[in-house]
Amino acid sequence: MMKELKAGQVVELTILENRGSRWILTNGVDEIPMNSSETNAPLKVGERIKVFLFANRRGELLATTLIPQITQGTYGWAKVIKVTKEGAFVDIGTSKEVLVKAEDLPKLSSLWPKTGDHLYITLYTNRNGELFGRLITEERVSEIYEEASEQLFNKNIKARTYRLLPVGAFLLGAEVPYRIFVHRSQMEAEPRLGQDVDVRIIAVKEDGTMNGSLLPRNYERLEKDAEKIYEYLKSVGGKMPFSDESTPEEIYAMFDMSKGAFKRALGVLMKKKKVKQEDGWTEII
């Protein structure tokens with residue numbers, strides 16, 4: 001019994017004929033059109049070719065030789081092309097962009113992915129044969145993640161969020177599918193779904209999964225605070241009425257940092273001979 005052709009499949013078909021800007025393909029029973037723009041190779045009648053099937057808006061089945069890197073039953077990173085109220089449209093490697101529906105995205109739109117982010121998905125079709133993207137489930141992640149070694153402890157890894165919960169964010173490595181959990185206490189702000197982040201590994205567990213942190217190391221935070229103060233100084237003409245003598249309330253209101261952090265950052269700038277303090281003022285040297 002011949003298998004029914006459906007959208008989302010990768011199949012081998014025979015070229016039946018050419019009709020102007022279209023090639024007609026067949027499995028011996030059904031005829032599937034393919035626009036000439038859907039292939040980069042020279043074709044000839046009678047040749048068997050591998051194609052990916054998809055449905056247009058009218059539900060008609062079409063073919064392309066541009067085989068996607070993600071198919072039904074396989075998972076991979078898909079780059080977000082655009083985001084609308086319908087959801088996130090992603091690139092799967094063909095001329096056909098695929099929608100990850102709004103109902104599958106976080107309830108808070110501020111946590112939705114943005115153009116350029118990546119979602120880890122597979123494909124599925126609805127009753128009309130239309131293709132959609134489906135986010136990876138935790139059950140599937142437990143099957144595909146790669147176990148980490150102790151050598152990754154305290155290292156930084158490029159990763160992307162695949163699941164967001166009130167308690168924290170779950171990430172997969174962007175290059176190697178390590179599974180990483182970041183507790184809410186280890187982040188300054190909640191990342192978007194699909195956002196690229198630089199995560200520091202703070203624990204490698206027995207099952208090969210990891211705990212991570214999105215907070216900077218102490219010295220990185222110090223450099224960040226010093227840069228913030230220096231940029232403010234430049235923006236106000238090189239001199240400000242803030243110094244070691246300023247109150248914690250004044251410092252927090254202006255720089256959103258504690259007095260201790262402010263003094264340490266000033267110490268960095270003075271050590272580098274970038275600023276000096278005099279009569280309660282700080283100015284660029």
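The values are calculated or read from the model by the stated rules, or taken from the named source; none is laboratory data. For clarity, every value in this text was computed on a predicted model and none was experimentally measured. In this analysis, Cβ positions are derived from the backbone assuming ideal geometry, glycine residues included, and neighbour counts consider all displayed protein chains.
Per-structure values
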| item | result |
| --- | --- |
| One residue from 228, 234 being surrounded by 13 or more Cβ atoms within 10 Å (Cβ to Cβ) and either acidic (Asp, Glu) or at pLDDT 85 or above (or both) | 228 |
| Spans of strands (runs of 3 or more DSSP E) in the range 40-130 with at least 2 residues more than 19 Å from the chain's Cα centre (by Cα) and either assigned by TED's automatic domain parsing to the domain that holds residue 16 or on the phi < 0 side of the Ramachandran plot (or both) | 48-55, 61-64, 118-125 |
| Test: residue in the range 240-253 that is within 30 Å of residue 143 (Cβ to Cβ) and exposed (fewer than 15 other Cβ atoms within 10 Å of the Cβ) | no |
| Scope the range 242-285; condition part of a loop (DSSP other than H, G, I, E, B) and not acidic (Asp, Glu); matching residues | 242, 243, 246, 247, 257, 258, 272, 273, 274, 280, 285 |
| Residue list for the range 61-86, restricted to those being free of Cβ contacts under 8 Å to residues at least 24 places away in the same chain and not β-branched (Val, Ile, Thr) | 85, 86 |
| Matching residues, the range 141-152, being touching a residue at least 40 places away in the same chain (Cβ under 8 Å), of a type outside the set (A, V, I, L, M, F, W, C) and out of contact with any Phe, Trp or Tyr (no Cβ under 7 Å at 6 or more places or on another chain) | 147, 149, 150 |
| Given (1) without any contact (Cβ under 8 Å) to a residue 24 or more places away in the chain; (2) over 25 Å from residue 83 (Cβ atoms), index of the condition residue 165 fails | (2) |
| Subset of the range 248-285 [of a type in the set (Val, Ile, Thr), in contact with a Ser or Thr (Cβ under 8 Å, 6 or more places away or on another chain) and free of Cβ contacts under 8 Å to residues at least 24 places away in the same chain] | 251 |
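To keep it simple, each residue is scored yes or no on (1) assigned by TED's automatic domain parsing to the domain that holds residue 261; (2) aliphatic (A, V, I, L, M); (3) under 29 Å from residue 260 (Cα atoms); (4) out of contact with any Cys (no Cβ under 6 Å at 6 or more places or on another chain).
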position	(1), (2), (3), (4)
172	no, yes, no, yes
182	no, yes, yes, yes
187	no, yes, yes, yes
204	no, yes, no, yes
223	yes, no, yes, yes
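Each row is one residue, and each column tells you yes or no for (1) crowded, with 17+ Cβ neighbours inside 10 Å; (2) free of Cβ contacts under 8 Å to residues at least 60 places away in the same chain; (3) assigned to a strand (DSSP E or B); (4) among the basic types (Lys, Arg).
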{"residue": "154", "(1), (2), (3), (4)": "no, yes, no, no"}
{"residue": "161", "(1), (2), (3), (4)": "yes, yes, yes, no"}
{"residue": "175", "(1), (2), (3), (4)": "no, yes, no, no"}
{"residue": "181", "(1), (2), (3), (4)": "yes, yes, yes, no"}
{"residue": "189", "(1), (2), (3), (4)": "no, yes, no, no"}
{"residue": "193", "(1), (2), (3), (4)": "yes, no, no, no"}
{"residue": "198", "(1), (2), (3), (4)": "no, yes, yes, no"}
{"residue": "201", "(1), (2), (3), (4)": "yes, yes, yes, no"}
{"residue": "208", "(1), (2), (3), (4)": "no, no, no, no"}
